[in-house]
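Asks: Let me begin by handing over the structure; questions about it come next.
The values are calculated or read from the model by the stated rules, or taken from the named source; none is laboratory data. What you see is a predicted model, and the numbers here were worked out from it, not measured in a lab. With ideal geometry, Cβ positions are generated from the backbone for all residues, glycine too; neighbour counts draw on all protein chains shown.
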Amino acid sequence: MVLENSAICYSNLGFPFDSYPLISKHVETCVLLSHKSADDFISVKMEYADDRKIQPDRITYRLIQEYIEEKYGFKVHTANIAEVKRNLGLPMYDAPDAVEELKRPYKPAPEYKVEAIKDALRHFKVID
């Protein structure tokens, strides 16, 4: 079956070629589907109240750290955030750079940092 405006990719010698000959046994086809532009567009206008901040799609540790530093004036380590999330039973993701053994023994987060992290999680509506 040949599509309109289609072309088979040929080598310099004039025969079809495969970019990955060791992996597959097929010939690739390059197809030009269309140069047409869209016939119609739908415009959507959304208005938000001025006092409402738009919540981000994904709450990152960096967002939590920035919120705590802005509101409380101290920094929290990502390990402290992970500890609080783990204790609350929130979903955790495997870190791609996780180590097998810690360089120094882990110290639990102080209570004031735990409360600040819980406040940040409430602020971002992760917990109630």
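Residues checked against (1) of a type in the set (V, I, T); (2) at pLDDT 95 or above; (3) assigned by TED's automatic domain parsing to the domain that holds Y67; (4) not in a loop (DSSP other than H, G, I, E, B):
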site	(1), (2), (3), (4)
E83	no, no, yes, yes
N87	no, no, yes, yes
L90	no, no, yes, no
A109	no, no, yes, no
Y112	no, yes, yes, yes
A116	no, yes, yes, yes
D128	no, no, no, no
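Asks: Quick one: in the range 57-81, of everything that is surrounded by 13 or more Cβ atoms within 10 Å (Cβ to Cβ) and among the acidic types (D, E), which residue is nearest to A109 (Cα to Cα)?
Replies: Looking at residues that are surrounded by 13 or more Cβ atoms within 10 Å (Cβ to Cβ) and among the acidic types (D, E), I get E69.
Asks: Cβ-Cβ under 9 Å, sequence separation 6+ or interchain: first residue in the range 65-76 and not assigned by TED's automatic domain parsing to the domain that holds Y112, partner part of a helix (DSSP H, G or I). Which pairs?
Replies: So the pair list comes out empty.
Asks: Are any of the residues in the range 24-47 at pLDDT 60 or above and under 30 Å from A120 (Cβ atoms)?
Replies: yes
Asks: Are there any pairs, at least 6 apart or on different chains, whose C-beta atoms fall under 6 Å, with the first in the range 94-112 and touching a residue at least 12 places away in the same chain (Cβ under 8 Å) and the second among the charged types (D, E, K, R), and if so, which?
Replies: A109/E83
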